[in-house]
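**Student:** Submitted below is the structure of interest, expressed as C-alpha cells.
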Amino acid sequence: MPDPDPLPPLREVIAAHDLSAKRSLGQHFLFDLNLTRRIARAAGPLENSTIYEIGPGPGGLTRALLTEGASRVIAVERDGRCLPALGEIAEAFPGKLEILSADALTIDERQLLGNRGIHDSVRVAANLPYNIGTALLVKWLTTENWPPWWQSLTLMFQREVGQRVVAQSGTGAYGRLSVLAQWRTRAQILFDVNPRAFTPPPKVASTVVRVESLQQPIAPAELVDLEAVTAAAFGQRRKMLRQSLKSLVPVPEQLLETAHVPPTVRAEELSVVQFASLARAWRAQQQR
C-alpha cells in the first residue's frame, strides 16, 4: 500500500510560497495527484532503488514517488524559489529526500552518486523542463561508460520529442535522436498527457517515455563515430548520403561501399544497425 501523503494539496503549497511556473525555465507544474502517481508507478520498481529527479519544481512528482514507495529520491532543482516547498517534503519524509540546488546539465551523475556510495539501481524519473529535456536525454544516452549509471529513464517530454525517441527508420520523425536512443537502449511511449493537466498548460501535448539501458549496443560501434556519422547524415537529411556525408569525408562512395550502404539512400532510410556499420567503416577509413 502506498504511504499517505501528509502534506497539503499542491495548489495550497504553491499559493503559500507564492510560486508560479517560469517560462524561461521551461516549467509546467503538475497538480493532478492521480497523474503524478501514475508516472511514479511507471518509473518503478521504486523499492530498493535510488530515484534521480530533475526539475521537481514544487514537488508534485517528488511527493508521488515517495508515497508510492521510493526508498530514496535525489532531486535536482535550479530554481531557488522552489527549494522551501521541497524542504517541507524532505521534513515530511525523513531521510528519504535529498535536494540539490544545481543545473542538471552540468552535473557528473556518476561522480555524484559514487560520492554517496550509490553504484547501482538508479532510476531517473522527471517531468523535464521543456527547454532542456532533449539536451539531458542526449547527455544520458551518450555517456562514455556503458552500461550507464542509470537503469531506466521515465521522462515527460513534448510529444514530438517522445515520438522522435521511438521512431523507426523510414518515418518522418526518425532522426539522430532515434539512432542514439535505440542503439543501446529499449525505448517506448507509455502514455500521452493532455496540456490541461499542467499549469500553465503548454501549447502542445506531452508524452511519458520509458527508456531502459541494454547491457550492450545492438550493433558494435564506437560512440564518437556513431555521433559523427549521424550528425553528418541528418545534417542534410533530404539529400542522398553520397552528398550529405561530404561534410565527413571528401568522397563518401568508398565509405558507403565498405558499410554496404547504397549511396542513393537518405539518412532516414537507414536502420540503427546500418548506422553502426557506417560508423565502423568510418573508423576503419580513419585508421588507414
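The values are calculated or read from the model by the stated rules, or taken from the named source; none is laboratory data. Owing to the predicted nature of the structure, the values given are computational and were not obtained by experimental measurement. Note that each Cβ is placed from the backbone with ideal geometry, even for glycine, and that neighbours are counted across all protein chains shown. Note: accessible area is taken over every heavy atom of the protein model, side chains too, but ligands, DNA and RNA are not part of it. Shrake-Rupley method; radii C 1.70, N 1.55, O 1.52, S 1.80 Å.
**Student:** Would you pick out the residues in segment 211-257 that are part of a loop (DSSP other than H, G, I, E, B) and under 15 Å from residue 274 (Cα atoms)?
**Tutor:** 217, 218, 219, 220, 221, 222
**Student:** Which of (1) open to solvent by 50 Å² or more (accessible area, probe 1.4 Å); (2) farther than 26 Å from residue 198 by Cα; (3) out of contact with any Phe, Trp or Tyr (no Cβ under 7 Å at 6 or more places or on another chain); (4) in contact (Cβ under 8 Å) with a residue 24 or more places away in the chain does residue 142 not meet, given it meets every other one?
**Tutor:** (1)
**Student:** Tell me, yes or no, whether segment 190-210 has at least one residue that is under 20 Å from residue 275 (Cα atoms), open to solvent by 30 Å² or more (accessible area, probe 1.4 Å) and not in a helix (DSSP H, G or I).
**Tutor:** No, that holds for no residue.
**Student:** Right, another one. Being assigned to a helix (DSSP H, G or I) and small (Gly, Ala, Ser) is the filter here, so list the residues in segment 119-142 that pass it.
**Tutor:** 133, 135
**Student:** Looking only at residues that are in contact with a strand residue (DSSP E or B) (Cβ under 8 Å, 6 or more places away or on another chain) and not in a strand (DSSP E or B) in segment 22-42, which one is modelled with the lowest pLDDT?
**Tutor:** 28
**Student:** Considering only residues that are touching a Leu at 6+ places or on another chain (Cβ under 7 Å) and under 26 Å from residue 144 (Cα atoms), which ones fall in segment 231-255?
**Tutor:** Correct list: 232, 233, 245, 249, 255.
**Student:** Give the residue that is farthest from residue 188 (Cα to Cα), with candidates limited to residues of segment 211-248 that are among the small types (Gly, Ala, Ser) and either free of Cβ contacts under 8 Å to residues at least 24 places away in the same chain or surrounded by 18 or more Cβ atoms within 10 Å (Cβ to Cβ) (or both). Spell out the reasoning first.
**Tutor:** First, the residues of segment 211-248 that are among the small types (Gly, Ala, Ser): 213, 219, 221, 228, 231-233, 235, 244, 247.
Among the residues that remain, those that are also either free of Cβ contacts under 8 Å to residues at least 24 places away in the same chain or surrounded by 18 or more Cβ atoms within 10 Å (Cβ to Cβ) (or both) are: 213, 221, 228, 232-233, 235, 244, 247.
Details: 213: 12, 221: 23, 228: 25, 232: 26, 233: 24, 235: 25, 244: 30, 247: 32 Å.
Per the stated criteria, the residue is 247.
**Student:** Next up: Can you name the condition, by its number, that residue 178 falls short on among (1) closer than 18 Å to residue 189 by Cβ; (2) out of contact with any strand residue (DSSP E or B) (no Cβ under 7 Å at 6 or more places or on another chain); (3) buried (at least 18 other Cβ atoms within 10 Å of the Cβ); (4) without any contact (Cβ under 8 Å) to a residue 60 or more places away in the chain?
**Tutor:** The number of the failed condition is (4).
**Student:** For residue 64, only one of the following conditions fails: (1) open to solvent by 30 Å² or more (accessible area, probe 1.4 Å); (2) under 23 Å from residue 201 (Cα atoms); (3) at pLDDT 95 or above. What is its number?
**Tutor:** Every listed condition holds for residue 64 apart from (1).
**Student:** Further question: What pairs can you find where one residue is in segment 41-70 and within 18 Å of residue 20 (Cα to Cα), the other is buried (at least 24 other Cβ atoms within 10 Å of the Cβ) and charged (D, E, K, R), and their Cβ atoms are less than 8 Å apart, with a gap of 6+ or different chains?
**Tutor:** Note: pairs meeting the criteria are 55/77; 56/77; 57/77; 61/53; 62/53.
**Student:** Of the residues 94, 148, which is touching a residue at least 60 places away in the same chain (Cβ under 8 Å), on the phi < 0 side of the Ramachandran plot and open to solvent by 10 Å² or more (accessible area, probe 1.4 Å)?
**Tutor:** Testing whether each residue is touching a residue at least 60 places away in the same chain (Cβ under 8 Å), on the phi < 0 side of the Ramachandran plot and open to solvent by 10 Å² or more (accessible area, probe 1.4 Å) leaves just 148.
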